[in-house]
Amino acid sequence: MGRLAVRAALLAACVALAGCGFRMMGAPASQAPGLSRVYIDYSTGYTVARPHLLNALRRDLQARGTKVVDQPDENTAVLKVSSVGASERISAVGTSGYAEQYELTEHVHFSLSRGGKRLVGPATLSRSADYAYSASTRLATEQQRQRLERQLQGDLAAAMLRHIDTVLAGKPGAHGSAAGPNKT
């Protein structure tokens with residue numbers, strides 16, 4: 001009888017978690033209503049490389065079952081990524097007076113519309129993390145920084161989609177800016 005009660009309690013907990021919208025980290029969310037087709041609008045401007053964030057957005061949208069198209073039409077949601085950027089600041093100085101740790105902050109400004117009607121935003125999201133700096137191993141430090149930049153942009157892509165899901169679901173307090181550095 002004890003095992004049956006434990007199994008029933010586990011089943012009840014799973015049902016309760018599923019009912020509140022809980023999902024395991026990394027598990028793709030279901031497609032938001034009305035987002036079966038999305039066009040990602042971004043202009044690289046004067047930059048040479050395409051931000052990793054755009055590739056992560058495409059991958060995450062496709063994992064949800066959303067078709068990412070190359071040209072929008074009247075039935076396509078347009079995800080306009082106005083800017084993707086980064087900033088750095090010294091976050092720790094060693095006894096020698098040189099920087100030993102930097103804080104890297106990645107940010108994105110975006111909005112979502114369909115048929116000329118704004119659905120989400122404009123909104124700004126940011127993510128921050130620290131990395132160690134060593135003048136004696138500059139190449140390794142730069143590689144660490146690049147990995148961290150890609151990770152933060154991937155995190156931002158997922159955060160953008162969660163923000164869009166929240167706004168489209170009509171949850172209170174989700175409109176407007178969701179800025180604020182979040183340490184990872």
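The values are calculated or read from the model by the stated rules, or taken from the named source; none is laboratory data. Note that the structure is a prediction, hence the values are computed from the model and not measured. So basically every Cβ, Gly included, is an ideal-geometry build from the backbone, and we count neighbours across all protein chains shown.
Considering the stretch 45-128, the qualifying strands (runs of 3 or more DSSP E), each wholly inside and each with 2 or more residues that are farther than 22 Å from Gln143 by Cβ and of a type in the set (S, T, N, Q), run over 77-93, 99-114. For Glu100, are the conditions met, namely being out of contact with any Asp or Glu (no Cβ under 6 Å at 6 or more places or on another chain), more than 18 Å from Tyr39 (Cβ to Cβ), surrounded by fewer than 18 Cβ atoms within 10 Å (Cβ to Cβ) and modelled with pLDDT under 85? Criteria met by Glu100.
So that you can scan it fast, the table gives a plain yes or no per residue for (1) buried (at least 18 other Cβ atoms within 10 Å of the Cβ); (2) more than 18 Å from Ile40 (Cα to Cα); (3) at pLDDT 85 or above:
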{"site": "Asp73", "(1), (2), (3)": "no, no, yes"}
{"site": "Lys117", "(1), (2), (3)": "no, no, yes"}
{"site": "Ala129", "(1), (2), (3)": "yes, yes, yes"}
{"site": "Gln143", "(1), (2), (3)": "no, yes, yes"}
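If I ask for residues that are under 15 Å from His109 (Cα atoms), touching a helix residue (DSSP H, G or I) at 6+ places or on another chain (Cβ under 8 Å) and of a type outside the set (A, V, I, L, M), which ones from the stretch 133-164 would you list?
Of all residues in the stretch 133-164, those under 15 Å from His109 (Cα atoms) come to 152-164.
With the extra rule that they be touching a helix residue (DSSP H, G or I) at 6+ places or on another chain (Cβ under 8 Å), the set shrinks to 153-154, 156-158, 160-161.
Within the stretch 133-164, Gln153, Gly154 qualify.
Against the criterion of being out of contact with any His (no Cβ under 7 Å at 6 or more places or on another chain), closer than 19 Å to Leu57 by Cα and buried (at least 17 other Cβ atoms within 10 Å of the Cβ), Val108 qualifies. Listed by first and then second residue, the pairs with beta-carbon distance under 7 Å, at least 6 apart or on different chains, first residue in the stretch 132-150 and without any contact (Cβ under 8 Å) to a residue 60 or more places away in the chain and within 20 Å of Val84 (Cβ to Cβ), second of a type in the set (A, V, I, L, M, F, W, C) and outside any helix (DSSP H, G or I), are Arg145/Leu104; Leu148/Leu104; Leu148/Ala129.
Flag set for Arg162, criterion: among the charged types (D, E, K, R), modelled with pLDDT of 90 or more, within 19 Å of the chain's Cα centre (by Cα) and not in a strand (DSSP E or B).
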